[in-house]
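I have placed the structure first, in the form of structure tokens, so that the comments after it can refer back to it.
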Amino acid sequence: MMEIEILRSGFDFLGIYGFFDGFMPDNLDWLVFLITSVILAMVIINALVISTALLTWFERRMLGRFQSRLGPNRWGPFGLLQPIADLVKLLTKEDTIPEGADKPVFTLAPIVFLVPALIVFAVIPLHGSSFLGRLNIGLIFVIAITSVNTLAIFMAGWSSLNKYAMFGAMRAVAMLVSYEIPMGISVVGVAIAAQTLGLSNVVLAQDIPFILVMPLGFLVFITAASAEMSRTPFDLIESDSELGAGYHTEYSGAKFALLQLTEFMAPVIVAALVTTLFLSGWRGYGPIPGPVWFIIKTFVVLFGFVWIRASWPRLRVDQIMSLAWKGLLPLSIVNLFVIAVEVFIFNPGEAGLSTRDLLIMTGINWSITIIALIVIFNVMGQSKLKRPEPVALPLANMYANTTVSKKATDLAEAD
Amino acid sequence: MENDTSLIIDIVFWIIAVSTIVSAIAVVALKDVFRSALFLVVTFIGIAGMFLLLRAEFLAMVQILLYVGAIAVLILFAVVLTRDVEQGSPFNRYLIPVLVISGLILAGVIFVITNTNWNVNSNNITSEQMTAAFVETSILGNIAELLIKKYVLAFEVVSVVLLSAVIGSLALVRKR
């Protein structure tokens, strides 16, 4: 009976703890804690790595579909074993460290990159009584731990002793630090509406999914989050046409495998977060159990990310920075302000917002979202973007600050 | 059982304390400025671990968010933009005055800490209570009360100072 109870409770820390506490002697309390934590860590790491491997396959197949080709389809049914083939290939490659690189930092960087991703997933509630999901500071935990990956990217770029890696790392820091701010502020909107910082309670507060209650916050969060995981509209960190491969130019073998694993893990984690914060997590209708709803919603968000990647071109550096500071930051502050005023007026107290309050908020917020988006699009849309001064000759840019450039402009003026 | 829990807490405390102090020494002792900045990150994380041991998990997370996620990255950025990183800090010739001043400050801090009448709940804490402390809201509401109600003026003044710093930096880099 005990085992069934534990299986049903999934990631339930207290469930596994209780199971071991049942037959262990009382004075071995610390051992019970240890075993429980190791089991939890095993479950989380394996679930994440396997779902990431599946995501790489899914993403490549879907990108193939979007681009009218097949994608990987040779190894296993529908090419499902492709991730394993990739892994074997990466692990059997020679693990090179460039001459003159900062070796300890170079080796540490992939680990520092991977570990926060694994830790963050531990607090995401897959169902109601998940212990780690009930951590009372879950939201801040997620924001804080994900901010560590900036450091890892910078370590990787610096220790490689490579110009392109360094450029990628510099761009990464500028971009990630900027996008953390709108992301954090949009999450504060969720916390105010849910009256809590625990991820489980956020889900419990969503009688109406917050994607409907605060569409502006959702848009800001999903934009900032896709910048945080540096996927295609925002992938100038590793834009292969300019920088080689960005911060992981010099990596190969197992270290490169770790970096790639983390990069593909990010969408899984962000999708799970979006599900928790905006799509009402494990809550659903009918006889389907909660975790299944959670996985379905996460999958839908993941498909959205692949879709975005397939259909959007890469932004330029200046466009990315102006989007963060002139576009997303004002939008997120508008969202925060509106929600704070609404919650202050409804004054829900201990019980939280009722469904009627949430419905009224939905109506107000949708109209405000549409107005705010129209205003922002008109302020910083394509038609209002300042274009750079036209260059006299196609090559003049290349010889900027040299005598050749002077000649080129002189020639143009002579014409 | 209580003894056991406090034993494991002691072990964790010593691991965190020693690694924090060792990395803090490494910050000042290492020649490579980039690596000493990285050791500064380890120190910050160790302090966050201390906050966790004291069951101030909100403070721990804010520590990681602000110091590891933002300030350490800015320090690294500044280090990289500095010329001749390998030659070590140019301020090393102030070693003796710095030693004296920081020694005085340390003595002052120790004096204040040992002479303050701390309101410590010294009861033995069982593992159940520890778990409960993680699950239930304990310290968060109190911090919010203090920040937003009691010390709201100081809070706002700090915000204004930060805002003026942002505007000042913008004015400095503006095209003339």
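The values are calculated or read from the model by the stated rules, or taken from the named source; none is laboratory data. It should be emphasised that the depicted structure is a prediction, and the values quoted were computed from it without experimental measurement. Don't worry about glycine lacking a Cβ; one is built from the backbone with ideal geometry, like all the others, and counts go over all protein chains shown. Just so you know, the surface numbers come from the protein's heavy atoms only, side chains and all, with ligands and any DNA or RNA stripped out. Shrake-Rupley method; radii C 1.70, N 1.55, O 1.52, S 1.80 Å.
Output the pairs from A:K103/A:K163; A:K326/B:K175; A:K103/B:K31 with a Cα-Cα distance over 25 Å in this structure; if there are none, say none.
On the way: A:K103/A:K163 17 Å; A:K326/B:K175 18 Å; A:K103/B:K31 16 Å.
Too far apart for the 25 Å limit: no listed pair.
Classify the stretch A:28-108: rounded, prolate or oblate, from the alpha-carbon gyration tensor (a ≥ b ≥ c, eigenvalue square roots; a/c under 1.5 rounded; otherwise prolate if a/b is larger than b/c)? Oblate, since a/c reaches 1.5 and b/c is not below a/b.
Per 0.36 nm of contour for each residue apart, how much would the distance between A:K163 and A:S354 grow if the chain were fully extended, relative to their Cα-Cα spacing? Display every interim value, and only then the final one.
Working: separation 191, 0.36 × 191 = 68.76 nm, distance 5.56 nm.
The span from A:K163 to A:S354 would gain 63.2 nm if fully extended.
Peptide A:168-179 has a mean shielding of 2, counted as Cβ atoms of other protein chains within 10 Å of each residue's Cβ.
With one equal scatterer per alpha carbon and no solvent term, the Debye-computed log10 I(q)/I(0) for the stretch A:93-384 at 0.10, 0.11, 0.13, 0.14 1/Å reads -0.56, -0.67, -0.91, -1.03.
Please compute how much accessible surface disappears when B pairs with A, both sides summed, using a 1.4 Å probe, and round it to the nearest 100 Å². If you can, show how the numbers build up before the last one.
Numbers: alone 14100 and 21730 Å², together 32990 Å².
Approximately 2800 Å², summed over both chains.
In terms of packing, defined here as the mean over residues of other Cβ atoms within 10 angstrom, the peptides A:81-90, B:154-163 line up highest first as A:81-90, B:154-163.
Each listed q (0.15, 0.17, 0.21 Å⁻¹) maps to a log10 I(q)/I(0) for the stretch A:210-343 from the Debye sum over equal C-alpha point scatterers, namely -0.86, -1.03, -1.28.
Distance from the alpha carbon centroid of the stretch B:148-165 to that of the stretch A:260-331 works out to 34 angstrom.
Seen from A:M175, the other residues with C-beta closer than 15 Å to its C-beta sum to a net charge of -2, counting Lys and Arg as +1 and Asp and Glu as -1. Modelled spin-label separation between B:L7 and A:W307, with each label point placed 7 Å from Cα along the Cα-to-Cβ direction: 5.7 nm.
Between A:V300 and A:R316, the contour length at 0.36 nm per residue exceeds the Cα-Cα span by 2.9 nm. Averaged over the residues of peptide A:108-116, the number of Cβ atoms from other protein chains lying within 10 Å of each residue's Cβ is 1.
Report the relative contact order of the stretch A:93-384, percent, no decimals, based on alpha-carbon pairs under 8 angstrom and at least 6 residues apart.
Details: 433 pairs, mean separation 74.0, N = 292.
Result for the stretch A:93-384 is 25 percent.
Take each residue of peptide B:34-45, count the partner chain Cβ atoms within 10 Å of its Cβ, and average: the result is 2. Each residue, A:F377 and B:Y94, gets one label point 7 Å from its Cα in the Cβ direction; the gap between the two is 5.5 nm.
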